[in-house]
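J.: Below is one structure. I have some questions about it.
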Amino acid sequence: MSRIGNALIQLPKGVSIDLNKANLVTVKGPKGELQQQLDPDLGLSLENGNVTVTRPTNQKRHRSVHGLYRALINNMVIGVSEGFTKNLELVGVGYRANNTGQLLELTLGYSHPIYFVLPDEVQIETLTEKGKNPVVKLSSIDKQLIGQIAAKIRAFRKPEPYKGKGVRFVGEVIRRKAGKTASK
């Protein structure tokens, strides 16, 4: 029995959901519109402002996709009503971040700057305060896309375990290792 799949999705004010004949779920809200292809075996019902995802049988495949599609639709509803944000922190001497529109320029200790073009669905903001590490703020209505972009930016220079330098999520804890100890 899927606990996640059986949970109700509450629609906030101003959010509407629609399922067409081709099993394409469209969620519209104040921040935008998202679409997701629903598994052909699953059903969607709307009652009293609550959405329920139903499965036809208890087969293993139906049980496995039941919770998945419920979570995807719930993320769409949250995205079009509130949106998602990810904050990345650049830890290291000389590490900088600047953006010009959708172009992100990173200086991460390599011999060259890294230029990264973000899709139009993702908004970017770079913050640089004196005495603090630079922060890259990403915001979008699509949770999967913003997570993928944040992971790609983090992969440019992953945090290393000795000094903790690199690109990390704000609040992320890096397991530190002890370096070599000096002998005599």
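J.: Identify all residues within the stretch 79-99 that are among the hydrophobic types (A, V, I, L, M, F, W, C) and either assigned to a strand (DSSP E or B) or under 12 Å from the mean Cα position of the chain (by Cα) (or both); write none if there are none.
T.: If the condition is that a residue be among the hydrophobic types (A, V, I, L, M, F, W, C) and either assigned to a strand (DSSP E or B) or under 12 Å from the mean Cα position of the chain (by Cα) (or both), then PHE84, LEU88, LEU90, VAL91, ALA97 are the ones that fit.
J.: Pick out the one residue from ILE114, ILE124 that is more than 27 Å from LEU34 (Cβ to Cβ), open to solvent by less than 80 Å² (accessible area, probe 1.4 Å) and of a type in the set (A, V, I, L, M).
T.: ILE114
J.: Could you list all residues from the stretch 164-184 that are open to solvent by 30 Å² or more (accessible area, probe 1.4 Å), touching a residue at least 24 places away in the same chain (Cβ under 8 Å) and more than 30 Å from VAL77 (Cα to Cα)?
T.: Answer for the stretch 164-184, where residues must be open to solvent by 30 Å² or more (accessible area, probe 1.4 Å), touching a residue at least 24 places away in the same chain (Cβ under 8 Å) and more than 30 Å from VAL77 (Cα to Cα): just LYS165.
J.: Is it the case that some residue within the stretch 60-74 is at pLDDT 90 or above, of a type outside the set (A, V, I, L, M, F, W, C) and within 25 Å of VAL170 (Cβ to Cβ)?
T.: Yes, the conditions are met somewhere in the stretch 60-74.
J.: While we're here: Could you grab me the full set of residues in the stretch 1-35 that are open to solvent by less than 40 Å² (accessible area, probe 1.4 Å), outside any strand (DSSP E or B) and on the phi > 0 side of the Ramachandran plot?
T.: Across the stretch 1-35, the qualifying residue is only ASN23.
J.: Looking at the stretch 135-156, is at least one residue part of a loop (DSSP other than H, G, I, E, B), free of Cβ contacts under 8 Å to residues at least 40 places away in the same chain and open to solvent by 50 Å² or more (accessible area, probe 1.4 Å)?
T.: No: the stretch 135-156 contains no residue that is part of a loop (DSSP other than H, G, I, E, B), free of Cβ contacts under 8 Å to residues at least 40 places away in the same chain and open to solvent by 50 Å² or more (accessible area, probe 1.4 Å).
J.: Scan (1) farther than 30 Å from VAL27 by Cα; (2) at pLDDT 95 or above; (3) among the polar types (S, T, N, Q) for the single condition THR128 breaks and write down its number.
T.: (2)
The values are calculated or read from the model by the stated rules, or taken from the named source; none is laboratory data. Note that the structure is predicted; figures quoted are calculated from it, not measured. We place every Cβ from the backbone using ideal geometry, glycine too, and count neighbours over all the protein chains shown. These accessible areas exclude ligands, DNA and RNA; they are computed on the full protein's heavy atoms, side chains included. Shrake-Rupley method; radii C 1.70, N 1.55, O 1.52, S 1.80 Å.
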